[in-house]
Amino acid sequence: DTAVSQTPKYLVTQMGNDKSIKCEQNLGHDTMYWYKQDSKKFLKIMFSYNNKELIINETVPNRFSPKSPDKAHLNLHINSLELGDSAVYFCASSHELRRLFFGPGTRLTVL
Amino acid sequence: AQTVTQSQPEMSVQEAETVTLSCTYDTSESDYYLFWYKQPPSRQMILVIRQEAYKQQNATENRFSVNFQKAAKSFSLKISDSQLGDAAMYFCAYRRGTSGSARQLTFGSGTQLTVLP
């Protein structure tokens with residue numbers, strides 16, 4: 001009965017590779033998000049998306065792209081991974097202005 | 001742009017005592033929401049408490065309460081009767097009160113709380 005799930009929980013990969021992180025929510029929420037938490041624990045919004053609007057944080061490199069096959073899924077694709085991409089990535093969802101529910105996070109390590 | 005500031009990178013409290021975590025924010029909006037999230041070592045983000053800016057009454061959830069000072073743009077979290085399980089990173093967060101792109105949260109830098117037995 002997990003509300004927001006992410007796979008994988010851990011991802012170790014080489015620099016230059018392309019990888020994806022999947023996110024699914026079973027709450028019927030209308031908006032999904034991706035956050036990045038860096039090594040200093042700072043949380044920063046990357047994308048927010050509902051079926052009408054994709055908002056991209058202007059500081060996010062275009063190597064990162066969200067893809068939503070349907071309202072319950074928002075996957076994160078990362079091309080040409082760099083060392084600085086190592087972080088914990090959180091997916092979240094919400095309905096209208098209600099609270100955000102977070103996934104368990106994916107720890108990405110780029111070697 | 002909205003900013004959220006947590007000026008205490010680390011705090012400690014004795015078990016059963018009370019601790020207050022500080023948070024200030026900057027906004028030109030009149031309608032918004034404020035949150036405290038807890039992140040234990042498991043890294044799961046857990047909502048602790050939420051406050052609507054239009055409500056004058058401070059939110060309370062069991063041992064957790066806030067001191068919301070709208071004019072001062074201050075939103076502190078008080079934890080009473082601290083327990084070992086309260087040890088975590090605590091994040092203050094802000095969200096505008098309108099739809100669309102405003103739904104995202106802006107987080108502070110966090111306060112690492114240690115609870116001493």
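From A:Lys67, A:Lys41, A:Lys19, which residue is in contact with a strand residue (DSSP E or B) (Cβ under 7 Å, 6 or more places away or on another chain) and closer than 21 Å to B:Met89 by Cα? It would help to see each step written out before you state the result.
Details: A:Lys67 fails: closer than 21 Å to B:Met89 by Cα; A:Lys19 fails: closer than 21 Å to B:Met89 by Cα.
A:Lys41 is the lone residue from the list that is in contact with a strand residue (DSSP E or B) (Cβ under 7 Å, 6 or more places away or on another chain) and closer than 21 Å to B:Met89 by Cα.
You will find that of B:Ser12, B:Ser65, the residue that is closer than 23 Å to B:Ala87 by Cβ and either in contact (Cβ under 8 Å) with a residue 40 or more places away in the chain or not in a strand (DSSP E or B) (or both) is B:Ser12 and no other. Would you confirm whether or not segment A:77-91 contains a residue that is over 29 Å from B:Ile49 (Cα atoms), surrounded by 18 or more Cβ atoms within 10 Å (Cβ to Cβ) and more than 14 Å from the chain's Cα centre (by Cα)? Yes, there is a match, as at least one residue in segment A:77-91 is over 29 Å from B:Ile49 (Cα atoms), surrounded by 18 or more Cβ atoms within 10 Å (Cβ to Cβ) and more than 14 Å from the chain's Cα centre (by Cα). Residues that are surrounded by 15 or more Cβ atoms within 10 Å (Cβ to Cβ) and within 16 Å of the chain's Cα centre (by Cα) were ranked within segment B:28-43; the one that is farthest from A:Thr106 (Cα to Cα) is B:Tyr32.
Taking first residues from segment B:32-45 that are at the interface with chain A (Cβ under 7 Å from one of its Cβ atoms) and partners that are outside any strand (DSSP E or B) and crowded, with 17+ Cβ neighbours inside 10 Å, the Cβ contacts under 6 Å between residues at least 6 apart in sequence or on separate chains come to B:Arg43/A:Gly105; B:Gln44/A:Pro104.
Of the numbered criteria (1) farther than 28 Å from B:Pro9 by Cβ; (2) aromatic (Phe, Trp, Tyr); (3) exposed (fewer than 14 other Cβ atoms within 10 Å of the Cβ), the one A:Tyr10 fails is (1).
Would you confirm, using the coordinates I've provided, whether B:Thr111 is under 23 Å from B:Asn58 (Cβ atoms), within 14 Å of chain A (Cβ to nearest Cβ) and at pLDDT 95 or above? Taking the combined requirement at face value, the residue satisfies it. B:Tyr94 fulfils the conditions (1) away from chain A (no Cβ under 11 Å); (2) farther than 30 Å from A:Lys52 by Cα except for a single criterion, (2). Among residues of segment A:94-106 that are more than 7 Å from chain B (Cβ to nearest Cβ), those with a beta-carbon under 7 Å from a residue that is aromatic (Phe, Trp, Tyr) at least six positions away or on a different chain give the pairs A:Gly103/A:Phe90; A:Thr106/A:Tyr89.
So, of the residues in segment A:45-76 that are in a loop (DSSP other than H, G, I, E, B) and hydroxyl-bearing (Ser, Thr, Tyr), which turns out to be nearest to the chain's Cα centre (by Cα)? Talk me through it step by step, then tell me what you get.
The first filter runs over segment A:45-76 and keeps only residues in a loop (DSSP other than H, G, I, E, B), leaving A:51-52, A:57-63, A:68-72, A:74.
Narrowing the set further to residues that are hydroxyl-bearing (Ser, Thr, Tyr) leaves A:59, A:68.
Working: A:Thr59: 15, A:Ser68: 11 Å.
Step by step, filter segment A:45-76, then rank; the result is A:Ser68.
The values are calculated or read from the model by the stated rules, or taken from the named source; none is laboratory data. Computed from a prediction, not measured in an experiment: that's the story for all the values here. Virtual Cβ from ideal backbone geometry, glycine too; neighbours counted across all protein chains shown.
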